[in-house]
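The values are calculated or read from the model by the stated rules, or taken from the named source; none is laboratory data. In this text the structure is predicted, and so the values were computed from the model without any measurement. In case anyone asks, the SASA skips ligands and DNA or RNA and just uses the protein heavy atoms, side chains included. Shrake-Rupley method; radii C 1.70, N 1.55, O 1.52, S 1.80 Å.
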Amino acid sequence: MNWLTNVVRPKIRNMLRRETPENLWIKCPDSGQLVFYKDVEANQFVIPGSNYHMRMGAVARLKSIFDNETWYDVALPDVTPDPLKFRDEKKYVDRIKDARARTNLNDAIKVGYGKLEGSAVVVAVQDFDFMGGSLGMAAGEAIVRGLELAVEKKSPFIVFAASGGARMQEGILSLMQMPRTTVAVQMLREAKQPYIVVLTNPTTGGVTASYAMLGDVQIAEPGALIGFAGARVIEQTIREKLPEGFQRAEYLKEHGMVDMVVHRHELRPTLARLCRLLTKAPALETASKPMQPVLSPAQIVSAAETAPAAPHA
């Protein structure tokens, strides 16, 4: 006889029942290993055993980059929520409402302004959890506003790209964000401020065809999927089998499409070194020493990979 089911009254039985959170454990997509969620979160969403880089939300990413996890949220322009009155299985406006409720974000890109090891930077983060990080009018406005702010503040602009491409519910209006963001990147370049792109898993479609591949330095996280069209589409088009690891960060680095593949734990000091090198700013501990000579792009990448990390502010 089971005394809990047969003797204890139903109301008391419900009190004894323990609810287990759905996200208490995470299964590694690479190894199948079950890992405690809090351990993964404390490890910047990198699976401890396999080193697999999980997707990272916009707020968590900003916390990992800025000094003391503190920054100013950049106000972004409002856009028409549903310009084409689009509807498939459900209304586009309802999809946006669901995404906002699930992620606590207004759209796919969040922009922050703060200090990175003492230097002012503007950082834009694309959150894949918001409708696949798709590029629509709101996301395009966020990138353009972030670039304009970097020009105003005379500071580097860092973007973390993660997207499935342009947002189909906005049609041609979403595709227009590709040239708009490209023009904004050129404005930053004319202002002689660094533009650094961090490609995360996945970065595909129209985002790859625009601002995500225009950085002065292209960084990728390990194992990130980066490309325009999917591997299956390419194989069907060219009727050939693609090589092992095609469109992954390591493969692209070997073939010159990406400058650096950087582990997430090393990303913050690497970005700080790049910003100092590209702006010719001295490191914190050597502020009184003479400024270093101008370096070539290849020397900048090499220096960022090998130089010791500066202490946090």
**Asked** What percent does the relative contact order of the stretch 55-279 come to when contacts are Cα pairs within less than 8 Å and at least six residues apart?
**Response** 16
**Complete:** The relative contact order of the stretch 35-163, taking Cα pairs under 8 Å that sit 6 or more residues apart, comes to a percentage of 23
**Item:** Share, in percent, of DSSP beta bridges within the stretch 55-279 that are antiparallel, nearest 5
**Value:** 40
**Request:** Return the carbon/sulfur percentage of the accessible area of the stretch 80-205, one whole number, probe 1.4 Å, all protein chains in place.
**Result:** 53
**Cα centroid separation, the stretch 130-202 to the stretch 46-112 (Å)** = 14
**Residue-span extension gain [ARG87 to MET176] - 0.36 nm each, minus C-alpha spacing** = 30.0 nm
